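Colleague: Take this structure first; my questions come after.
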Amino acid sequence: MKFFIDTADTKEIKELAATGMLDGVTTNPSLIAKSGRKFLDVVAEICDLVEGPVSAEVTALDAETMLKEAAVLKKIAKNVAIKLPLTWDGLRACRHLSDEGVMVNVTLCFSAAQAILAAKAGAAFVSPFVGRLDDIGQDGMHLIEEICTIYRQYDNFKTEVLVASIRNPIHVTKAAKLGAHVATLPPAVLKQLAQHVLTDKGLAQFLADWQKTGDKII
Ligand code: G3P
């Protein structure tokens, strides 16, 4: 399973990239706005920090302008993945870019039917938003199960399931059990994955006992 980080905060990306466990980055217009920086500058900086795909989202609504924006974004670096919304125009632009060998992440996916279209359009990634489905009382992880099951039926579906809008470690472990290819995590959730109260308690006990020995390793 690949881990992407869902942020445009370059300080956090640098810190987490140093763990060697980061496979890519996803951004969206809201995360760019939160960074308070110019979009193209942030994406260029992120692409220098990580080798894996860095999703940068278009803001146009029609396919022609999406393709013009994509032309600007893909010039930034080889690892830019063009993020397009799951609309008919987004799918048209996706087909065009995928045919040219450009990596596309089709975002704002909320149904299995939409995910089938993303695969048909040749997307490298489809991003189903699990947290936002949970927020409206639906089952986000059920959607992941449906998409993973459907994609497995067809050898010609090469699209990777990129689980997005993750809110907690349970989303991550459930996505992993279902065989989703990628999880994009907010930095706080990535850090939370390592935490367990019994790990902290056990470590404190081991160190207290070690002190009693008066011994040293180095
Ligand atoms: O980047 C897309 C997605 O992960 C957004 O998540 O928390 O805004 O629903 P959220």
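Colleague: If you check SER55 against the conditions, is it in contact with a Ser or Thr (Cβ under 9 Å, 6 or more places away or on another chain) and of a type in the set (Ser, Thr, Tyr)?
Modeller: Yes; evaluated as a whole, the condition is true for this residue.
Colleague: While we're looking at this one, here's another question. Name the single residue, out of those in the stretch 1-14 being away from the ligand (no atom under 12 Å from the Cβ) and in contact (Cβ under 8 Å) with a residue 12 or more places away in the chain, that is surrounded by the most Cβ atoms within 10 Å (Cβ to Cβ). It would help to see each step written out before you state the result.
Modeller: Residues of the stretch 1-14 that are away from the ligand (no atom under 12 Å from the Cβ), as a first pass: 1-3, 9-14.
Checking which are in contact (Cβ under 8 Å) with a residue 12 or more places away in the chain leaves us with 1-3, 9-10, 12-14.
Working: MET1: 12, LYS2: 17, PHE3: 18, ASP9: 18, THR10: 18, GLU12: 16, ILE13: 22, LYS14: 15.
Within the stretch 1-14, the match that is surrounded by the most Cβ atoms within 10 Å (Cβ to Cβ) is ILE13.
Colleague: Report yes if THR149 is hydroxyl-bearing (Ser, Thr, Tyr), in a helix (DSSP H, G or I) and more than 19 Å from THR184 (Cβ to Cβ), otherwise no.
Modeller: Spelling it out, THR149 is indeed hydroxyl-bearing (Ser, Thr, Tyr), in a helix (DSSP H, G or I) and more than 19 Å from THR184 (Cβ to Cβ).
Colleague: Same structure again: Could you list, in sequence order, all residues of the stretch 172-202 that are more than 16 Å from the ligand (Cβ to nearest atom), under 23 Å from VAL106 (Cβ atoms), among the small types (Gly, Ala, Ser) and in a helix (DSSP H, G or I)?
Modeller: Across the stretch 172-202, the qualifying residue is only ALA176.
Colleague: Any residue in the stretch 119-137 that's more than 11 Å from the ligand (Cβ to nearest atom): show its pairings with residues that are in a loop (DSSP other than H, G, I, E, B) and open to solvent by less than 10 Å² (accessible area, probe 1.4 Å) at Cβ separation under 6 Å, as long as the two are six or more apart or on different chains.
Modeller: Close Cβ pairs (under 6 Å, with a partner that is in a loop (DSSP other than H, G, I, E, B) and open to solvent by less than 10 Å² (accessible area, probe 1.4 Å)) amount to ALA119/THR159; ALA123/THR159; VAL126/THR159.
Colleague: Here is a further query. Restricting to the stretch 41-67, what's the tally of residues that are over 12 Å from PRO29 (Cβ atoms), in contact with a Pro (Cβ under 9 Å, 6 or more places away or on another chain) and open to solvent by less than 10 Å² (accessible area, probe 1.4 Å)?
Modeller: Residues that pass the stated criteria total 1.
Colleague: Taking ALA164 as meeting all but one of (1) crowded, with 16+ Cβ neighbours inside 10 Å; (2) among the small types (Gly, Ala, Ser); (3) over 18 Å from the mean Cα position of the chain (by Cα), write down the number of the exception.
Modeller: The single condition ALA164 does not satisfy is (3).
The values are calculated or read from the model by the stated rules, or taken from the named source; none is laboratory data. Everything numeric here is computed off the predicted structure, so don't read it as measured data. Please note: Cβ atoms are built from the backbone with ideal geometry, for glycine as well, and neighbour counts cover all protein chains shown. Side chains are part of the model used for accessible areas, which takes the heavy atoms of the whole protein and leaves out ligands, DNA and RNA. Shrake-Rupley method; radii C 1.70, N 1.55, O 1.52, S 1.80 Å.
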